[in-house]
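Each value in this text was obtained by applying a stated rule to the coordinates, not by laboratory testing. Nothing here was measured: the structure is a model prediction, and the numbers come from that model. Please note: Cβ atoms are built from the backbone with ideal geometry, for glycine as well, and neighbour counts cover all protein chains shown.
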Amino acid sequence: MSFSTVTVSFPVDSETFEEMLTLCNDAAQADGVQYGLIMNLQAAKNYEMSGFCVLAYDDEHNKLVGLASAIDMMGLHTYEWSIVVAPAYRKLGIGQSLLQEVYNGLSIRGAEGELALTLEQGPFGAEFLKNNGYRYSFSEATLQGEAQAVQQPENIEIRRYQGTDQQMLIETFMGAFGDTEEEAQDLIAYNTTSENLILWVAVMEDTVVGTVTTREEGAAQWLTALAVHPQHERQGIGSALLNWVRQLAYDCGQQHVLLDVEIDNARALSIYEKAGFIKVMQIDYYVYVKEA
């Protein structure tokens, strides 16, 4: 049995994307997990995203049997990557070959950091990473809520971000996420220039008091970077933003609202669970630990 690998930068062509989608779907059916999300398949078609894929083929059957995907989500030269191998081709060293090519791709692109991703329910990912010198760092849960019509409070207006909102939004991100001013500026830039992302702000009495970013994807509306200005907490602003996104999804004919939250953020988890969101997936993040 002969195998070969090839590395391709984003965006991938339509034929390659279909091969990637088929591999992830086949592996998902066998393992009962959603590989399409962790492999960032949609990003692989995006001209504005920085990343690459490593493809492993069974040369005899000209079939894609292994895939690695690495993406610089924030444009800060820190890549998140993951690997999936077709169930019938595991334990043949394909994973190790893909990992080596990921290292090569990161080196060529001058990566300043990396995070390895695996699914909590995945049968082999954690063991593979630990055997290759990676250590568990943190986890993010994907929560799902139903799209629905929701009555909004009259004293809160939610509109698109404008340039004059920047300073209040910087203060909001710094207070809510512990960001530096530069990191907050980078987040605003990313959420206002990336394809399909829309940055919204909540306004009370002509003052920006909160924010959320949305992304439409299929039958779902993704919600990210929900934050309330530290001077306006406990005024129902977070709930208003959350319900507004549910209304947005409903108006767009979508079924669900999805969001990611760190597992150790007990306060945020409690808020989302009280709002009816349920956990549908967990991604575990690993960092490489250099030998002493």
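For every helix of n ≥ 4 consecutive DSSP H residues, a contribution of -39,500 (n - 2.57) applies; sum these over the chain, divide by its total residues, and give [θ] at 222 nm rounded to the nearest 500 deg cm²/dmol. Write out the running numbers ahead of the final one.
Numbers: 8 runs with 93 residues, N = 292.
Value at 222 nm, helices only, nearest 500: -10000 deg cm²/dmol.
Using the Cβ atoms and a cut-off under 14 Å, what net charge is assigned to the surroundings of Gln221, where Lys and Arg are +1 and Asp and Glu are -1?
Counting the neighbours of Gln221, the net charge comes to -3.
Apply the Kirkwood formula to region 144-282: the hydrodynamic radius equals the inverse of the mean of 1/r over all pairs of different alpha-carbon atoms; give it in Å with one decimal.
Values: mean 1/r = 0.0658 Å⁻¹.
Hydrodynamic radius (Kirkwood, Cα pairs) of region 144-282 is 15.2 Å.
Regarding region 1-123, what are the three Cα extents along the principal axes, ordered largest first, in Å?
That works out to 37, 29, 26 Å along the principal axes.
So for the chain, averaging the separation of alpha carbon pairs under 8 Å that are six or more residues apart and normalising by length, what relative contact order in percent results? Write out the running numbers ahead of the final one.
On the way: 542 pairs, mean separation 57.5, N = 292.
Reported as a whole number, the value is 20 percent.
Express in % the proportion of alpha carbon pairs of the chain at distances exceeding 23 Å.
Working: 24898 of 42486 pairs.
Across the chain, Cα pairs with separations above 23 Å total 59 percent.
DSSP loop trypsin sites (Lys or Arg not before Pro) in region 54-102 with at most 11 other Cβ atoms within 10 Å of their Cβ, which ones?
Numbers: sites: Lys63, Arg90, Lys91; in loops: Arg90, Lys91.
Taking region 54-102 and a limit of 11 other Cβ atoms within 10 Å, the loop trypsin sites (Lys or Arg not before Pro) found are Lys91.
For a quick check of your reading of the filter: which GluC sites (Glu not before Pro) in region 59-120 sit in a DSSP loop and have no more than 11 other Cβ atoms within 10 Å? Provide the component values of the computation, followed by the final result.
Numbers: sites: Glu60, Glu80, Glu101, Glu112, Glu114, Glu120; in loops: Glu60, Glu112, Glu120.
Taking region 59-120 and a limit of 11 other Cβ atoms within 10 Å, the loop GluC sites (Glu not before Pro) found are Glu60, Glu112.
On a full-extension model of 0.36 nm per residue, what is the gain between Glu157 and Asp13, subtracting their alpha-carbon distance, rounded to one decimal in nm? Spell out each step's value before the answer.
Working: separation 144, 0.36 × 144 = 51.84 nm, distance 4.15 nm.
The Glu157-Asp13 span can extend by a further 47.7 nm.
If you fit an axis through the alpha-carbon atoms of helix 166-177 and take the longest principal axis of the Cα set of the chain, what angle between them do you get, 0 to 90°, nearest 10?
60 degrees
Can you work out D for region 208-274 in µm² s⁻¹ from Stokes-Einstein, where Rh is the Kirkwood radius over C-alpha pairs, the temperature is 37 °C and the viscosity is 0.692 mPa s? Spell out each step's value before the answer.
Numbers: Rh = 12.5 Å.
Approximately 262 µm²/s, per Stokes-Einstein.
Scan region 128-203 for chymotrypsin sites (Phe, Trp or Tyr not before Pro) in coil per DSSP, keeping those whose Cβ has at most 11 other Cβ atoms within 10 Å, and list them by number. Spell out each step's value before the answer.
Details: sites: Phe128, Tyr134, Tyr136, Phe138, Tyr161, Phe173, Phe177, Tyr190, Trp200; in loops: Tyr161.
The qualifying sites: there are none.
Sort 241-252, 3-14, 146-157 by the packing proxy (mean of other Cβ within 10 Å over each peptide's residues), most packed first. Mind dumping the intermediate values first?
Values: 241-252: 19.8, 3-14: 14.4, 146-157: 12.8.
Result, highest mean Cβ count within 10 Å first: 241-252, 3-14, 146-157.
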